[in-house]
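Everything on this sheet refers to the single structure shown next.
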Amino acid sequence: MLKIAVISDDLTGANATGVSLYNQGFSTATVLTEPENFPMTKYDAICFNTDTRYVSKEIARERIEIVTKVLLDKGAEIICKRIDSTVRGNIGVEIDAILSCMGEGAIAIVVPSYPQSGRTMIGGYLLLNGTPVQETEVAKDPISPLKQSFVPKIIEMQSTRKAALIEIETVLQSEEEVKSAILVHINEGYQIIVIDAITQEQIDRIALSMASLPFSFVPVDPGPLSVSYVKRKLRSTMKEPKIVLSIGSCTSLSANQIKNCIKAFNIKPVYVSPFELANNNESREDEINRAIKLGIERSKEENIILITTLFPGQEMLDLKALISDQHLSEESVAKLITNSLAEITLQVIQNSHSAINGCFSSGGDVTSSLCECAQTTCIELHDEVVPLAAYGKLIGGNLDGMHIVTKGGMVGNEKTIIECVNFLNRKIDQGLSI
């Protein structure tokens with residue numbers, strides 16, 4: 001059932017916001033045809049590119065009104081307006097068009113900040129890596145040059161409505177202060193409210209304030225506010241987070257941790273034979289394909305998919321015997337196993353029946369192979385679950401933005417994997433973004 005509609009003025013923005021929504025557990029599609037002809041009710045979220053950044057105001061207004069009316073007729077609960085992160089385009093005109101279609105009760109909350117990309121707003125002035133946007137290369141856009149950095153004025157120059165501003169001083173105080181400021185401006189008759197933000201935490205605070213008020217809000221932003229608001233507004237209808245556990249460590253502690261985790265969460269593990277993975281031949285490929293298929297099948301019903309090379313009562317793998325049989329070094333055989341486990345894990349995540357929100361890995365070699373397989377450039381670190389167990393996000397590659405908790409095979413006690421899973425689920429549920 002359609003819950004969320006994102007109206008973007010270009011395709012790149014539509015896709016970027018759509019991926020963020022998908023990573024929060026919403027089935028998402030970017031529509032490339034006329035909206036009337038697309039089966040929107042198959043998805044939770046629809047992103048639509050109006051291609052209006054560089055067209056005339058008249059054409060922009062007409063396209064936005066047509067799309068908004070169709071999306072509302074299809075039952076979209078939340079309309080989001082995705083804008084350029086440097087506020088180029090017909091922003092004021094497009095906000096007007098959406099508000100007119102939604103009626104007098106609709107309120108646009110404009111937060112142009114995108115901290116991860118160096119976009120912040122202070123005192124209503126949009127900064128790009130600390131520099132007013134009108135003084136950057138972006139201002140020299142040959143089609144849509146920027147002569148102004150004060151966002152309320154940029155909007156008012158294009159809109160028939162006045163724009164109120166809530167400055168960073170209020171945002172820094174509390175969610176309640178932000179909520180009160182929004183209410184004051186609504187009672188004053190404003191339908192467009194621009195709000196400062198420097199960090200994602202502040203954007204989340206704004207989203208929480210919006211979600212707790214009984215108004216039809218339209219988040220207007222480059223993506224972070226829309227995703228944060230949607231998650232909080234639709235929290236009661238959200239699916240449970242779905243995560244993958246990838247465990248290759250073969251210690252007795254790991255065995256007990258896995259046993260307790262299976263029992264605590266009623267998991268049906270995907271067991272992978274390390275003996276088959278250590279054979280550099282066709283049987284290895286067969287085992288990889290079998291495990292991938294089973295993992296994808298598990299993703300239909302299970303919120304925790306455990307992939308491990310550690311069977312109950314399994315004997316220790318005799319690497320020396322394999323070395324003599326295959327004429328490989330001990331390091332090469334170990335790498336074959338961890339690379340295979342990484343390939344299985346990546347394929348299950350990418351082909352899951354619904355979005356995988358996070359990943360847990362145990363064993364430094366396992367984590368390293370997974371990052372290499374996914375072409376991850378770094379793990380952006382955020383917290384420590386227990387000593388030597390880190391939480392962060394994968395940056396770059398095929399799992400960009402994925403929440404991850406990783407620990408060493410000998411780390412913790414018999415309940416540590418349970419702690420890590422609970423920690424990971426909490427972070428995903430909070431919708432924290434870097």
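The values are calculated or read from the model by the stated rules, or taken from the named source; none is laboratory data. From a predicted model like this one, the values you see are computed outputs, not experimental measurements. Note: ideal-geometry Cβ built from the backbone for every residue, glycine included; neighbour counts use all protein chains shown.
Residues in the stretch 272-293 that are surrounded by fewer than 19 Cβ atoms within 10 Å (Cβ to Cβ), within 29 Å of the chain's Cα centre (by Cα) and either not charged (D, E, K, R) or not assigned by TED's automatic domain parsing to the domain that holds Asn339 (or both): Asn289 only. Among residues belonging to the stretch 177-218 that are in contact with a helix residue (DSSP H, G or I) (Cβ under 8 Å, 6 or more places away or on another chain), acidic (Asp, Glu) and in a helix (DSSP H, G or I), point out the one that is surrounded by the fewest Cβ atoms within 10 Å (Cβ to Cβ). This residue is Glu177. Within the stretch 253-264, identify whether any single residue is assigned to a loop (DSSP other than H, G, I, E, B) and touching a helix residue (DSSP H, G or I) at 6+ places or on another chain (Cβ under 7 Å), and answer yes or no. Checked against the condition, which is being assigned to a loop (DSSP other than H, G, I, E, B) and touching a helix residue (DSSP H, G or I) at 6+ places or on another chain (Cβ under 7 Å), the stretch 253-264 yields no hits at all. When you check Thr68 against the structure, is it within 27 Å of Met1 (Cβ to Cβ) and either of a type in the set (S, T, N, Q) or not assigned by TED's automatic domain parsing to the domain that holds Val227 (or both), yes or no? So Thr68 passes the test.
The single condition among (1) at pLDDT 90 or above; (2) under 16 Å from Ser246 (Cα atoms); (3) in a loop (DSSP other than H, G, I, E, B) that Leu370 does not satisfy is (3). Can you pull out the residues in the stretch 396-431 that are surrounded by fewer than 17 Cβ atoms within 10 Å (Cβ to Cβ), polar (S, T, N, Q) and either touching a Pro at 6+ places or on another chain (Cβ under 9 Å) or not in a loop (DSSP other than H, G, I, E, B) (or both)? Passing the criteria: Asn398, Asn422, Gln430. From the residues in the stretch 36-47 that are crowded, with 16+ Cβ neighbours inside 10 Å and within 30 Å of Cys359 (Cα to Cα), which one is farthest from the chain's Cα centre (by Cα)? Filtering first and then ranking leaves Met40.
Listed here are the residues, each with its yes/no results for (1) small (Gly, Ala, Ser); (2) modelled with pLDDT of 95 or more.
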{"position": "Ala45", "(1), (2)": "yes, no"}
{"position": "Lys57", "(1), (2)": "no, yes"}
{"position": "Thr68", "(1), (2)": "no, yes"}
{"position": "Asn90", "(1), (2)": "no, yes"}
{"position": "Ala97", "(1), (2)": "yes, yes"}
{"position": "Val111", "(1), (2)": "no, yes"}
{"position": "Ser117", "(1), (2)": "yes, no"}
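Checking Thr12, Thr33 one by one, the residue that is polar (S, T, N, Q), surrounded by fewer than 19 Cβ atoms within 10 Å (Cβ to Cβ) and in a helix (DSSP H, G or I) is Thr12 and no other.
Here the condition is being crowded, with 19+ Cβ neighbours inside 10 Å and part of a loop (DSSP other than H, G, I, E, B); of Thr68, Thr52, it holds for Thr52 alone.
So for the stretch 231-254 (the condition being of a type in the set (Asp, Glu) and modelled with pLDDT of 90 or more), does at least one residue qualify?
No: the stretch 231-254 contains no residue that is of a type in the set (Asp, Glu) and modelled with pLDDT of 90 or more.
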